[in-house]
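The values are calculated or read from the model by the stated rules, or taken from the named source; none is laboratory data. Keep in mind that this is a model prediction, so the values were computed, not measured. Neighbour counts run over all protein chains shown; Cβ positions are idealised from the backbone, glycine included. Only protein heavy atoms, including side chains, enter the accessible area calculation; ligands, DNA and RNA are left aside. Shrake-Rupley method; radii C 1.70, N 1.55, O 1.52, S 1.80 Å.
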Amino acid sequence: MAVKVFAPWDNPDEKPLIRFENVTKKFGDFVAIDNLTLDIFEREFFALLGPSGCGKTTMMRLLAGFEAPTSGKIELGGQNIVPVPPNKRAVNMMFQSYALFPHLTVWENIAFGLKREGMEKDKLNARVEQMLKLTRLERFAKRKPHQISGGQRQRVALARSLAKAPKLLLLDEPLGALDKKLREATQFELMDIQEKTGTTFVIVTHDQEEAMTVASRVAVMDEGQIIQVATPDRIYETPNSVYVADFIGDVNIVEGKAAPLEENQVRIDWAEGQPPLVCTATQPFDPGQTCYLAIRPEKVMITAERPEGADNAVQGKIHDIAYLGNISTYHVQLSNGTIIKAQSANTRRIARRSFTWEDPVWLSWTATAGVLLAR
Amino acid sequence: MHRHTLTLAAALALGGTLAMAEEVRVYNWSDYIDEELLTKFQEETGIDLVYDVFDSNEVLETKMLAGGSGYDVVVPTGTFLQRQIQAGAFQKLDKSKLPNLSNMWDVIMERTAQYDPGNEYSVNYMWGTTGLGVNTKKVAEVLGENAPIDSLALVFDPANMEKLASCGVHFLDAPTEMIPAALKYIGENPDAQDAETIAKAEAVLMAVRPYVQKFHSSEYINALANGDICVAFGWSGDVLQARDRAAEADNGVEIAYNAPKEGALMWFDMMAIPADAPNPDGAHKFLNFIMDAQNMAAASNYVYYANGNKASQEFLAEDVIGDPAIYPSEETVKNLYTVSPWDAKVQRVATRLWTKVKSGT
Amino acid sequence: MRRFLLIAIPFGWLLALFLVPFFIVVKISLSDVAVSIPPYVPQFSWETGIGTFLRDLDFENFVFLTTDSLYWKSYVGSLVIAVISTFLTLLIGYPIAYGMARAPEEWRATLMMLIILPFWTSFLIRIYAWMGILSREGLLNQFLMWTGVISEPLTILNTNYAVYIGIIYAYLPFMVLPIYSALDRMDTSLIEAAEDLGCSRLTAFWLVTVPLSRNGIIAGCFLVFIPALGEFVIPSLLGGSGTLMIGKVLWEEFSSNRDWPLASAVAVVLLLILVVPIVLFQRNQQKQQEAEQ
C-alpha cells in the first residue's frame, strides 16, 4: 500500500486554513505586498523565502495583525481576520529577536499568554510544564532570559508562542541568531515539534537551505509578489523563472534564441562558434524567442574525452576549482569566454583526481537535465 | 534677593583708564542714597566704588559674623552694631583721617554712644523712626474719617486689621522692630530683655497675622506708591519716599507717615568699617566724603531721612528740615524710645516667635 | 600603585568635598550660638587642647529640635510636598518620556533639546517668571479671566499650589530623561509580543512597558524627591507664609536668625532623613548595572 502523501494543495476539495485574496499593502508610496493571492493549508510548514525587502515580513505581520492590508482580504479558517486585533487572533508569533520579557523568568514568559486567557491555575501549571518538557527547558524555568544561552532563548520563544496552542504559528527568521551547527539541529527539532503538535507553521527566512529543509512548501517572493509556490524539490528541479532558479542553489544560465524541434524539443542558438544546445521544454516556445537554459552544476558531466551520444557537449578548459570536501565545483571556461560550472563527487582521494587547472575538458548533459525558461 | 551691583566702575573704565584702580566696596540698605553721590565720589577721589544693597539687618549680620565679607563700609542699625562690635567685627576709626567729623551733631552722638561708647567704631548715617505708612484715601474708605492713623491700634487691633486686609497691609520682616512695637501697644517695656515679657508680644502679633499680606522690609515702598496696599508698618523715610513716588507718578495715591502716638522706635543706622576690610584707607575716604555737609544734605534730601550731621542742616531742603515726620519736634522726641540688643537665649525666643508669626506655626 | 591611585582619587574627592564639610557641620551643630566671628562657641584652640574643646560640645540643639513643633512639622511638610510633587512629576513626566521615545527617530533629538533647553536660563530667573505668571494680576489669571473660565482672579502665588507648580516645572527634566532613556532602550517588539499573546494595548503597557521602565522611574523619582525635600528657593519665592518646608526653615535659621548651630542641626537631621532614600537609590543603580552585565 502506498504511503499517503501530505499534499492538500493538490486536492481541489481541501479548504485552506489561510487565504490571501488580492492583498495589497502600501507604506506611503512603497508597495510592500502587490495584489497577492495565496492559500496555506492546515498542518503545513510553509516557508516564505526571499531577499530582505521582498515583503515576506510584511506578510507575516499582516497575519499576526500588526499591519492591516491596504486592500484585499485575509481569511483564517474561512473567517475574515482583517478587523480582528492581534490579541484576539488564534495566531501566535515567534519574533526574530525572540522578544522575551526580560523582567520575567522563563516559566513566567511561557505562562504569559495563558494567564491572559484566564486559564485555571492547575491547567496552566500543567501546560507550562508540558511546554518546558517539549522544548527541554525544565532546568531553566526559574532563570531570567539574560541568564540562558541563545539556543535556549530561542526555545523559550518557541515554547511561549506554542503554549496557547494557536491554529497558526508564525516564525520570523527563528534561527537567524544561532550558529550553523545549532541552526541545523534546531531545524529538525522544529520539524519534530511541528509534527507533534500538528500546528500550522509559517516561517519567514532568507536562508534557502533552511526553507528547503523544513518546509512542506516554499513561496519564493520578490518585490511584493510571489514568484513561485511549490514543494522544495519542485522549486529546485523545475523553477518557473530565472529568478527562482538563481535564488535557490547554484545554477548555470545560458541565454539564447529558441528554435522549436519536434516533440517538445527546442534547439537553443546561444553563441557564435558554439554548437547549439538541445533541451526538452515543458512549455511552448516561438521560433526566435529569447530563452534561458537553467542547468544545475551537478547535472553537468565533466570528461576528458568527448562523450559518445551526448545530447549536449561543449569544450573548454578548467579555469578554477572549488574544493568543498565531498564535492568539487569546476569552473570551465569555453572558447567564447562563457563560464559553465560542473560539479562532481569526490569519490577518489585528492592526489588521484583526474583534472587540474588549465586542463582541456568536455562538458555534457542530457536534453532533460536542464529547464528551459522564458523569463 | 535685591542685590543690584552698581558697576559705575565699568562706566568709568570705558572713559579710558583701564589700570587696576583702587576700589571701595560699600554695603548699604536698599533705596538709601542719592546715586549721584556715588558718581561724585568716584570723580573726586578716582576710587572705584562697588555699591551693594541689603534690606535686613539679619542678612548683614550673617555676613559680618561669618567674616571675610569683602566690604569696606557697612551700615548696621545701632542695636546690631553694638552686638557686632562685641563680636569684634569692626575696626576702630582713625579719626585723623576724618576731618569732617567736626560736622557731626552732638545730640545724635550722645544717643549713638549708647551702642558704640565714645563713637569709636562708627559714625551716624541716618536716623529715623518706625511707624505707620498710610494711604489716607483708602484707609478712610475702609475705616472711616476717624481712622486711628496715628495709633498702633491701626495695625494691632484685629478689628481694624480685619477691615484693612481687603486693601492690603505689609509689616516689616524685622523682629527687632515689630516685637518692641507690639510690646509698646500692650503697655509693656519695649526694651524688655526677659523672655517672659517678649513672649507677650506673640498674642498681639498672632491675632493680626492672618490679615498681613506680606512680611517684607523693602517691597512696601513700591506697593504703597502704586496703591497696591493701604497700610505699611515701616521706616519713616521709606514711607516718605513712597509718598514722593506716588506724587511723581500722579496716580492719585496720597501717602502719609505717622509716628505712633503711643511711642515710636527711634533707630540709628551707623557706618562702620569691618575689621577685615580690604581697603580701610579708602573706607575712611568714603566716610569723610559722606560726612561732608553738602553731600550729607544731598543724601537726606533724596531719601527723606534725618541725619546726624549738624553742618548739613543749612543745605537741607525745606520739606526735609521742616517736616516733623523727618526732624521731629522736641516734644515728639521725648515720646520716642530706643532698644538695646537681646542676648543669645532671648534672641532665640524672639526669632522663634517671629518664625511662628510669619508661618502661623 | 596605579590601583591605589585609582581608588584614592574618588575617595579623596569624597573626603574633601563631602565628609570633611559634613563633619564641620556636625561639629557646628554641637556648638552653642554666640556673638563672635564665627557666631558659635567653642572654637578649637591649640592652647586649651582637644579635651576642653570636646567637653564643650553637646546635643542641646538636637534636643531643641524635638521640643519645638516647628521643626518636625517642617520635616513632615517637606516630606509631604516632596512625595506629592514627585508623584505629580511622574504623572506628567512619564507620558512626555513615552511620547518622546515613541516619536519618529528624526524628531527625538529636537524633543530632547526642548526638554533640556530651560537649563540654559538661570533657575532663579525661571522661578521669578513663574511669580509673574501666577500672581493675582499675572498672565494665568488674565488668560483665565479673558476666556471666562473664572470671574475672580485665583490666588495661586504664595500658596502650596505655586510650590507644587514650581517644583514640578523645575524638576520635570530630571524625571523625563531617565524614563526616556529606559523606554528608548526598550525593544518595541516586546509590546507586539505581549499583544500577540493576548494583551490589549493597556495591559501590554502595564505588564511590559511599565515594569521595563521601572529603573528609569525609580531613578527619576529619586532625582526629583531628594532635591525637592531640601528645596528652599521655590518655597521662599512661590510659597506663602504658611508653606512649611525644612529648606526654608534652615535658610532662615542660618541667615535671619544667625543661629548656625541650630541650622547645622537641622541640616544634619535632614541628611539623615535623606540617607535612607539615597542608599535605596544606590542599591537600585547597582542592581541595574548587574542586570545589564
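Data table
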read-out	value
Residue, surrounded by the most Cβ atoms within 10 Å (Cβ to Cβ), within the range A:139-151, restricted to residues that are under 32 Å from the mean Cα position of the chain (by Cα) and either not assigned by TED's automatic domain parsing to the domain that holds A:L178 or not hydroxyl-bearing (S, T, Y) (or both)	A:P145
All positions within the range B:77-122 that are closer than 23 Å to B:P328 by Cα and within 13 Å of another protein chain (Cβ to nearest Cβ)	B:T79
Residues (away from chain C (no Cβ under 13 Å) and of a type in the set (S, T, Y)) located in the range A:39-90	A:S52, A:T58, A:T70, A:S71
Number of positions in the range A:82-99 that are open to solvent by less than 50 Å² (accessible area, probe 1.4 Å) and out of contact with any Leu (no Cβ under 8 Å at 6 or more places or on another chain)	5
Sole exception among (1) touching a residue at least 12 places away in the same chain (Cβ under 8 Å); (2) in a loop (DSSP other than H, G, I, E, B); (3) crowded, with 17+ Cβ neighbours inside 10 Å for C:D58, by number	(3)
Test: residue in the range A:72-87 that is free of Cβ contacts under 8 Å to residues at least 60 places away in the same chain and small (G, A, S)	yes
The range A:237-258: number of residues that are crowded, with 18+ Cβ neighbours inside 10 Å, closer than 15 Å to A:Q274 by Cβ and without any contact (Cβ under 8 Å) to a residue 60 or more places away in the chain	1
Residue within the range B:347-357 that is open to solvent by 30 Å² or more (accessible area, probe 1.4 Å), more than 9 Å from chain C (Cβ to nearest Cβ) and touching a residue at least 24 places away in the same chain (Cβ under 8 Å) present	yes
Residue in the range A:273-292 that is part of a strand (DSSP E or B) and of a type in the set (A, V, I, L, M) present	yes
Flag if B:G237 is modelled with pLDDT under 95, in contact with a helix residue (DSSP H, G or I) (Cβ under 8 Å, 6 or more places away or on another chain) and not assigned by TED's automatic domain parsing to the domain that holds B:E141	no
Residue list for the range C:1-38, restricted to those being of a type in the set (A, V, I, L, M) and part of a loop (DSSP other than H, G, I, E, B)	C:M1, C:L30, C:A34, C:V35, C:I37
Among the residues listed as C:R102, C:R136, the single one being modelled with pLDDT of 90 or more, basic (K, R), more than 25 Å from the chain's Cα centre (by Cα) and open to solvent by 50 Å² or more (accessible area, probe 1.4 Å)	C:R102
Sole exception among (1) within 14 Å of C:A194 (Cβ to Cβ); (2) touching a residue at least 40 places away in the same chain (Cβ under 8 Å); (3) in contact with a helix residue (DSSP H, G or I) (Cβ under 7 Å, 6 or more places away or on another chain) for A:E117, by number	(3)
Residue within the range C:72-80 that is crowded, with 17+ Cβ neighbours inside 10 Å, touching a helix residue (DSSP H, G or I) at 6+ places or on another chain (Cβ under 9 Å) and assigned to a loop (DSSP other than H, G, I, E, B) present	no
Residue ID - modelled with the highest pLDDT, chosen from residues in the range C:234-290 that are touching a Lys or Arg at 6+ places or on another chain (Cβ under 7 Å), open to solvent by 20 Å² or more (accessible area, probe 1.4 Å) and facing another protein chain (nearest Cβ under 8 Å)	C:L244
Filter result for C:E231 (more than 14 Å from chain A (Cβ to nearest Cβ) and either crowded, with 21+ Cβ neighbours inside 10 Å or hydroxyl-bearing (S, T, Y) (or both))	yes
Filtered residues of the range B:78-105 (kept if open to solvent by less than 10 Å² (accessible area, probe 1.4 Å) and in contact with a strand residue (DSSP E or B) (Cβ under 8 Å, 6 or more places away or on another chain))	B:G78, B:L81, B:Q84, B:A89, B:L98
Output for the range B:176-196, where each listed residue is open to solvent by 20 Å² or more (accessible area, probe 1.4 Å) and either touching a residue at least 12 places away in the same chain (Cβ under 8 Å) or among the small types (G, A, S) (or both)	B:T176, B:K184, B:Y185, B:I186, B:G187, B:E188, B:D191, B:Q193, B:D194, B:A195
Candidates A:E75, A:E120 - the one that is under 23 Å from A:L17 (Cβ atoms) and either open to solvent by 10 Å² or more (accessible area, probe 1.4 Å) or among the hydroxyl-bearing types (S, T, Y) (or both)	A:E75
Residue satisfying all of: in the range B:335-346; at pLDDT below 85 and more than 8 Å from chain C (Cβ to nearest Cβ); nearest to B:A306 (Cα to Cα) among these	B:D343
Qualifying residues in the range A:299-331 (those that are open to solvent by 80 Å² or more (accessible area, probe 1.4 Å) and within 28 Å of the chain's Cα centre (by Cα)) - the one nearest to A:L373 (Cα to Cα)	A:M301
B:T39 vs. criteria free of Cβ contacts under 8 Å to residues at least 60 places away in the same chain and either farther than 26 Å from B:Y337 by Cα or within 14 Å of chain C (Cβ to nearest Cβ) (or both)	yes
Options C:L190, C:L212, C:L207, C:L197; residue that is within 14 Å of chain A (Cβ to nearest Cβ), within 24 Å of A:K115 (Cβ to Cβ) and touching a Gly at 6+ places or on another chain (Cβ under 6 Å)	C:L197
Residue in the range A:316-323 that is more than 29 Å from A:G273 (Cα to Cα), assigned by TED's automatic domain parsing to the domain that holds A:E255 and not in a strand (DSSP E or B) present	no
Qualifying residues in the range A:103-157 (those that are in contact with an Asp or Glu (Cβ under 9 Å, 6 or more places away or on another chain) and under 15 Å from C:L190 (Cβ atoms)) - the one farthest from the other protein chains (Cβ to nearest Cβ)	A:H146
Subset of the range B:264-282 (residues that are within 21 Å of the chain's Cα centre (by Cα) and either part of a helix (DSSP H, G or I) or among the basic types (K, R) (or both))	none
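One line per residue, one yes/no per condition, for (1) over 19 Å from C:T243 (Cα atoms); (2) in contact with a Lys or Arg (Cβ under 9 Å, 6 or more places away or on another chain):
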position: C:V35; (1), (2): yes, yes
position: C:P38; (1), (2): yes, no
position: C:Q43; (1), (2): yes, no
position: C:W46; (1), (2): yes, no
position: C:F53; (1), (2): yes, no
position: C:F62; (1), (2): yes, no
position: C:L70; (1), (2): no, yes
position: C:V76; (1), (2): no, no
position: C:S85; (1), (2): no, no
